[in-house]
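Before any comments, here is the structure.
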Amino acid sequence: MTTPRGFDYRWLKWRAMALIVLARNAAAEDTFDAMLARWPDDAYALSSRAHLRAQAGRRSQAIADMERVIALPEANAAHWFNLGFLLDEAERYDEAEPAFRKALELDPKLDRAWYGLGLVLIRQKRLDEAVAALERNTKLQPMSPYAWYQLARVQVDRAQPDEARKIIRHLKGFEPKVAAQLERETGLAPGND
């Protein structure tokens, strides 16, 4: 369904954004409710309301909103990622994994979906698959320490200390605090090549 572009729609959208800026999230959610009463399949209003609900700790309602979004023809990779993220937070890993995979099918360069998939696979104890997902994330975001950190932890869990040492050594070049944290947590020194 094409997003309505009339004045009423734009006014409500602007109002909701202003309320969020003013930290009046309950009033913003009411505005999204009003939008959805008129345009029940509006992806923007559903996604925005899901975000507010998640921030308020109402994760099941947020998930329900995102499930409505992904059923829409205009659902995109970011929508699927957001659903995966919420499902992961709810510890519904078996549902989060396909959501992240769908996000990646729609946008293989969505680095945060590779990271989310890697975390879900770690939680499912599927470490070899987690390595592959985290390595994809590090190729897309080489200077972000998060996937490198998780990748080092997985390598330790896989009994691959030399691989973990390489990562620690790599992190020392741009994130020495993260490298030091890994050294403390794993007991591994980076070593030399």
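Throughout, read-outs are computed from the coordinates displayed, never taken from laboratory work. In this text, all values refer to a predicted model and were calculated from it rather than measured experimentally. Every residue, glycine as well, gets a Cβ built from its backbone with ideal geometry; the counts of neighbours run over all protein chains shown.
Things to note:
- One Cα centroid belongs to the range 58-93, the other to the range 114-131; the line between them spans 19 Å.
- Relative to its residue count, the range 1-72 spans a Cα convex hull of 69 Å³ per residue.
- Rounded tilt (10° steps) of 176-186 against the dominant C-alpha axis of the chain: 70
- Here the ratio of the Cα radius of gyration of the chain to 2.2 N^0.38 Å is 1.24.
- Cα lying deepest toward the dipole's positive end in the range 53-127, options N82, Q55, F100, charges on Cβ: Q55
- Here's the list of aspartates and glutamates a cross-link from K125 could span, going by alpha-carbon distance under 16 Å and ignoring same-chain residues fewer than 8 apart: D88, E91, D94, E95, E97, D157.
- Mean ellipticity per residue at 222 nm, deg cm²/dmol - from DSSP H runs of n ≥ 4 across the chain, formula -39500 (n - 2.57): -23500 deg cm²/dmol
- Evaluated with a Cβ-only charge set (Lys, Arg +1; Asp, Glu -1), the range 1-72 carries a dipole of roughly 180 debye about its Cα centre, given to the nearest 20.
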